[in-house]
Structures are given as structure tokens and as C-alpha cells.
Amino acid sequence: MHDLSVGILGTGMFLPPDLLTNHDLEKMVDTSDEWIVRRTGMKQRHILKEGIPSYTMGVEAAKLAIEDAGLTPMDIDLIIVTTEAPDFLSPSMACLIQRDIGAKNAAAFDMNAACTGFVYAVVAAKQFIKTGYYRYVLIVSNEGLSRITDYKNRNTCILFGDAAGAVVLGEVPGEYGIKESILYSYGDLGHNLTIPCCYISEEDKERRPSGMYRSVWQDGSEVFTFAVRAMTDSTKKVLEMAGKTPQDIDMIIPHQANIRIINGAAKRLKIDDDKVMAILDKTGNISSASIPVAVDIASREGRLKNGDSLVMVAFGGGLTCGAIYFIWGKNQRH
Ligand code: UT7
């Protein structure tokens, strides 16, 4: 195993221009702007126009991340796409993006760990780079969630938006990059959040009275309880592995599912509000794209300085969760 450190070399994102506001949702289901803001912290979501394939968002995010890394598409060795709403099961989203950006030297595959997808993909990509098998890995978290949202179900339709976030990973000097990571899965809790695909059970049909079977259904309060505990425990664990405490870190970049989940975890960890990166008021829940989009915004706004320590932490369907302890060091390509 090469003794090298793996870090983020470049970031990019794409948010489709059309917005779905809380006031728009008031006209669609029995809800109110006041309820949505108070219970979730969300105000608007970006929605991709009908008729446009979702992977096109990932193409734009990928191009920006590669440019930001100072590379060209021909330099990319592997593309991993995380998604809960692929345009096709085959070809993979990763192959569609590989084709459109002209990454002719890259292998490509999709990966599904739901909202935890980005964290899983970073840990997977790190192994390929650390062993020397690949030099540059592009991760694209591509989530066209409006395509699997039932806009007749007020429990879910207020939550989700569309977006893609991308990063390029490669070798960085030893003081930067991924220091520790931890991944968990809890398949026994998977029934709390489902998106049927090629098999629809009677139970899944009953839970979707509108007849939109390929849509998200969740037991919101079960997932909520799991989420606060999972985010708190994974953050504590990954920091403990690094010999750090929550008070040592400069920023936490959590999955953006609900501001009450984020604040609940931050409070338990005794992390100050100004160290928490929250974007969900403008994006809603964009599943695995939450973290890379938040990282791109923090990076471009200059909120991340080289040497800053951060935790990226997510939970989601599966159920899954995971966390990464990371030292920011962009433009430090080895
Ligand atoms: O990315 C991972 C995926 N998912 C999540 O992270 C979701 C985690 N869960 C949550 O964020 C929250 O559970 C929700 C935002 C989904 C729901 O918030 P809550 O505070 O847990 O509400 P609740 O489900 O306990 O419902 C409270 C009430 C219910 O009415 P009754 O039964 O008390 O009369 C709901 O029917 O609020 C009602 N309600 C709504 N009212 C207005 C549910 N959705 C809405 C709505 N507008 N959109």
C-alpha cells in the first residue's frame, strides 16, 4: 500500500434554474410555508425541467470539478456516480456522463447508498487511489429527485429537490486529505424508507395511494430519530479514531435532510452553529448531492481554507450512514 494521502482536488455543482417554492407547494397539497419552514427549514428547491435527462446535471457539475482541479476529462481514470434516481438502470449514469464529458480513459459505474452515497463513494475512491490502481477519480452525485417524488403526498413532496455535485479526488501532500472514515449499514431498518423499482410489493402499493409506485415513501419520524443518532454517533466515532473531539473541527458538512436533524446533532456534539454548513433552505433535500454541493459552495465562497479540519457526515436509505474526517487542502495536487 502506498503511503499517500487522498484529497479533493476540485469541486463543481449544477442546480437547475427552475424553482419550486413553499408557496408553490401550498397550491399543490394541504400545507403552508409556515409549517415547512418550522418543521424542515426549507424554503425552495431547484427542479429540472421535464423532458431533460437527469444525468445532464452531472455532466455540468463534472466539467466544473475537472476544470477546478486543473485537469482535463482525459486525465480521469474512474467515474463513480451516486444516485437514487437513475435515468436508466443500464447504461449507468456514470457511462452517460463519461460519454458526454469525453473521459475516454475512464472506467465508470454507479453506486447506491442513498443519501449516504457521496460518503461511501469517497471512501471507495480513496482505496483505488491509495493502492495506486487509479490516479484521478471523479465522483458525481446526481440526484433528480423530482422524478421519484409524488406531488400528491405532502409528507414527502415538500422535502426533495434536484441537483448534482461533483469532486475530483487524487493524491495530496500528507498533511491534507482524508484522515479517517467510517461506514455503516442497517438493512434491518431499510423498510422505513423505500423507492420501489423492478418489484412492487402489495405493502408498497398501499403506501402509495396515488398510484405513483416508483416514488419515495418514508416513515418520517422513524427516519428522523435514526438520523439524529446516526449523525451524532458517526461524527463522534470518526473523530475518536482521529484522536480529535467535535470542538477541534472547523466545519461540519452534514447531509441536508432537515434543519432540525442538523441542529439536533450539532447540539448533541456541542458544535457551534457557525461551524455548521447548511444550504437546505435553498436546495431542499438533494440526497447524496447534499454534501458535494455544500462543499462546492463553501469552497467557492472562501469559507474553507487550506488546513481547515472538517467532518462530512450523512445518513439515508438502506438504512445507511457514514462520516469522514478530512483536512481541506485544495490546489495541492501532488
Ligand atoms: O434524506 C433522508 C430522508 N428523510 C429524512 O431525513 C426525513 C426525516 N424526517 C423528517 O424530516 C420529518 O419527520 C418530516 C419533515 C418528514 C415530518 O416532520 P415531523 O415534525 O416529523 O411531522 P410528523 O410526521 O410528526 O407530522 C406531524 C403532523 C401530522 O399531522 P397529525 O397527524 O399530527 O394531524 C402530519 O400529517 O404534520 C402533518 N404534516 C403536514 N402538515 C402540513 C405532514 N406533512 C405536512 C405538510 N404540511 N407538508
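Every read-out reported here was derived from the displayed coordinates using simple, explicitly stated rules and does not represent laboratory data. A quick note: this is a predicted structure, and the numbers were derived from the prediction, not measured. All Cβ positions, even for glycine, are placed from backbone atoms using ideal geometry, and neighbour counts span all protein chains on display.
The figures follow:
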quantity: Dipole magnitude of the chain about its Cα centre (Cβ charges: Lys, Arg +1; Asp, Glu -1), debye to nearest 20; calculated: 300 debye
quantity: Mean separation of Cα contacts under 8 Å (6+ apart) over length of the chain, as relative contact order %; calculated: 26 percent
quantity: Dipole of the chain, positive direction: furthest Cα of PHE88, SER54, ALA289, with charges on the beta-carbon; calculated: ALA289
quantity: GNM flexibility winner over the chain from SER309, SER299, SER210 (Cα, springs under 10 Å); calculated: SER210
quantity: Candidate lysines - alpha carbon under 27 Å from LYS104, same-chain residues fewer than 8 apart omitted; calculated: LYS63, LYS126, LYS130, LYS330
quantity: Estimated 222 nm signal from helices in the chain, with DSSP H stretches of n ≥ 4 weighted -39500 (n - 2.57), rounded to 500; calculated: -9500 deg cm²/dmol
quantity: Whole-number percent relative contact order across the stretch 7-93, with pairs defined as alpha carbons under 8 Å at least 6 apart; calculated: 37 percent
quantity: DSSP beta bridges in the chain [antiparallel fraction, %, rounded to 5]; calculated: 70 percent
quantity: Rounded D (µm²/s) - the stretch 4-175, Kirkwood Rh over Cα pairs, Stokes-Einstein at 4 °C, 1.567 mPa s; calculated: 77 µm²/s
quantity: Residue-span extension gain [ARG214 to SER90] - 0.36 nm each, minus C-alpha spacing; calculated: 42.9 nm
quantity: Column: log10 I(q)/I(0), Debye, Cα scatterers of the stretch 161-204, q = 0.13, 0.14, 0.23 Å⁻¹; calculated: -0.66, -0.73, -0.99
quantity: At most 15 other Cβ within 10 Å, DSSP loop - GluC sites (Glu not before Pro), the stretch 156-240; calculated: GLU175
quantity: Computed label-point distance, nm, for sites ASP272 and ARG154 using a 7 Å Cα→Cβ extension; calculated: 4.0 nm
quantity: Highest-fluctuation residue, ILE253, ILE261, ILE195 considered, GNM on the chain with Cα pairs under 10 Å; calculated: ILE195
quantity: Qualifying GluC sites (Glu not before Pro) for the stretch 4-83 [loop in DSSP, other Cβ within 10 Å: at most 15]; calculated: GLU50
quantity: Within straight-line cross-link reach of LYS205, aspartates and glutamates at Cα separation under 14 Å, skipping those fewer than 8 residues along the same chain; calculated: ASP150
quantity: Ranked HIS255, HIS191, criterion: other C-beta atoms within 10 Å, fewest first; calculated: HIS191, HIS255
quantity: Simple spin-label estimate for ASP3 and THR21 in nanometres, 7 Å along Cα-Cβ; calculated: 5.8 nm
quantity: DSSP-loop chymotrypsin sites (Phe, Trp or Tyr not before Pro) across the stretch 1-89, with at most 14 other Cβ within 10 angstrom; calculated: PHE88
quantity: Relative contact order (%) - criterion: Cα under 8 Å, at least six apart; region: the stretch 178-327; calculated: 37 percent
quantity: Alpha-carbon centroids, the stretch 75-89 and the stretch 118-192: separation in whole Å; calculated: 10 Å
quantity: Estimated D of the chain in µm² per second, where Rh is the Kirkwood radius over Cα pairs and Stokes-Einstein applies at 20 °C, 1.002 mPa s; calculated: 109 µm²/s
quantity: Descending semi-axes in whole angstrom, ellipsoid equivalent of the stretch 227-334, from the Cα gyration tensor; calculated: 20, 17, 13
